[in-house]
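Shown next, in structure tokens, is the structure this report addresses.
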Amino acid sequence: MSKYRSSGFFGALFLGAFTRLFLTTNQPLRQWLQNRLEISTPLTSWNRVLEGVYLKWSLNSSSYDGDLVHEIPMMINIYHYLIQLFTNRHIIYFFILIDCLNSILVYTISYKIIQFNCIMENFNKTNGKYARLFESKEKKYDFLITEKNFKPIFWSLFAMVCYLFNPLNLACCMSQTTVLIQHFVLLIWLNFLLNGKIFMSYIFLAIHANIAVYSLVLIVPSISFIRQKKIFKRKQIKSEFNLVGKHATAFVLLFACVFMFNLYLENFNTRFIDCTYLFILKVRDLVPNMGLFWYFLTEMFDHFITFFYLCVPIERLFVFNTTHTEAEERATS
């Protein structure tokens, strides 16, 4: 806990929270931000969440009638209880709390990543990766990432300050977009993963993958990171296939459990599948996307639209995983 005893840490956290509380007094600004399509998208709009809650608990109908709501049933239920707890007028304080927790998680994760990079550099040095450089006439030791020349507390605090005072984060907080909740779930996944709590990290990744289906690809860096840690701790990996298969199977089962829980909350009505997972994949509402992406999915001939529906997910899946695999090979070679 010594990394949290910095006066800069508490000062930044207090100033970030105060800035958000001060901005809540400007009601016209908050209303303007909530109506900005660049911030409140169809997938993150708080007004759409309120619509879903109203449909389900006031009209006793499905939250997904009318194709306005694109949050999974589990999140709709959570938001309903939060509105009951805070009331819609004071729910902004919950978003401020989540945003501050996100900043703490950014600080913690940055600290752990720097430590991990230091371990990786020491591992590479021990295994002779930098032998040719050290054997040269001008020995360069400063290029190695160590806790002495790359202070974890300073750079973690820098990352935290960048998050707290990023104008886009402030706008998202004031507009009460659910992207803050999504970031919170994703940051918890990364925090558990870096701390070696694999099962807990997979639970939160499964939840986030149900919220935003493209998060499925994050299982690849998760397994890669677990493999790297085993290599750095000099633990023998008996079979790469067994390692990948075991972790991939565990994640798929957790994803299926979260999916079945959502199905149960909707009384096994499959309407929500089209409004959540397929809505993201089919890109039915392109707001606020512009440019080439917009052109591909609106201006092309109708008989090409299926091709682009397939190209967009495949590009995200394979380009991301290929880039990550190459980076991993360079890090461990």
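Among the residues of the stretch 64-77, are any at pLDDT 90 or above and open to solvent by 70 Å² or more (accessible area, probe 1.4 Å)? No - not one qualifying residue is present in the stretch 64-77.
Scanning the stretch 144-183 for residues that are surrounded by fewer than 17 Cβ atoms within 10 Å (Cβ to Cβ) and under 27 Å from LEU50 (Cβ atoms) yields a count of 3.
When you look at ALA171, is it within 17 Å of the chain's Cα centre (by Cα) and of a type in the set (A, V, I, L, M), yes or no? Against the criterion (within 17 Å of the chain's Cα centre (by Cα) and of a type in the set (A, V, I, L, M)), ALA171 does not qualify.
Being β-branched (Val, Ile, Thr) and either surrounded by fewer than 17 Cβ atoms within 10 Å (Cβ to Cβ) or modelled with pLDDT of 90 or more (or both) is the filter here, so list the residues in the stretch 99-119 that pass it.
To start, the set of residues in the stretch 99-119 that are β-branched (Val, Ile, Thr) comprises 104, 106, 108-109, 113-114, 119.
Of everything in the stretch 99-119, those that are β-branched (Val, Ile, Thr) and either surrounded by fewer than 17 Cβ atoms within 10 Å (Cβ to Cβ) or modelled with pLDDT of 90 or more (or both) turn out to be ILE104, VAL106, THR108, ILE109, ILE113, ILE119.
Scanning the stretch 145-188 for residues that are outside any helix (DSSP H, G or I) and without any contact (Cβ under 8 Å) to a residue 24 or more places away in the chain gives LYS148, ASN149, LYS151, ASN166.
ASN262 meets the stated requirement of being open to solvent by less than 50 Å² (accessible area, probe 1.4 Å) and in contact (Cβ under 8 Å) with a residue 60 or more places away in the chain. Among the residues of the stretch 17-40, are any touching a Cys at 6+ places or on another chain (Cβ under 7 Å) and modelled with pLDDT of 90 or more? Yes, there is a match, as at least one residue in the stretch 17-40 is touching a Cys at 6+ places or on another chain (Cβ under 7 Å) and modelled with pLDDT of 90 or more. Within the stretch 7-38, how many residues turn out to be among the basic types (Lys, Arg) and part of a helix (DSSP H, G or I)? Number satisfying all stated conditions: 2.
Restricted to the stretch 23-48, and to residues that are among the hydroxyl-bearing types (Ser, Thr, Tyr) and open to solvent by less than 90 Å² (accessible area, probe 1.4 Å), which residue is nearest to the chain's Cα centre (by Cα)? Filtering the stretch 23-48 for residues that are among the hydroxyl-bearing types (Ser, Thr, Tyr) and open to solvent by less than 90 Å² (accessible area, probe 1.4 Å), the one nearest to the chain's Cα centre (by Cα) comes out as THR44. Looking only at residues in the stretch 78-95 that are closer than 21 Å to THR19 by Cβ and out of contact with any Cys (no Cβ under 6 Å at 6 or more places or on another chain), the one that is surrounded by the most Cβ atoms within 10 Å (Cβ to Cβ) is ILE92.
If only one of LEU55, LEU101, LEU50 is within 23 Å of PHE279 (Cβ to Cβ), out of contact with any Ser or Thr (no Cβ under 8 Å at 6 or more places or on another chain) and part of a helix (DSSP H, G or I), which one is it?
Answer to the check: LEU50.
The values are calculated or read from the model by the stated rules, or taken from the named source; none is laboratory data. Computed from a predicted model, the values in this text were never measured in an experiment. Glycine gets a Cβ as well: all are built from the backbone with ideal geometry, and neighbour counts include every protein chain shown. Accessible surface is based on the protein model in full, side chains and every heavy atom, while ligands, DNA and RNA are left aside. Shrake-Rupley method; radii C 1.70, N 1.55, O 1.52, S 1.80 Å.
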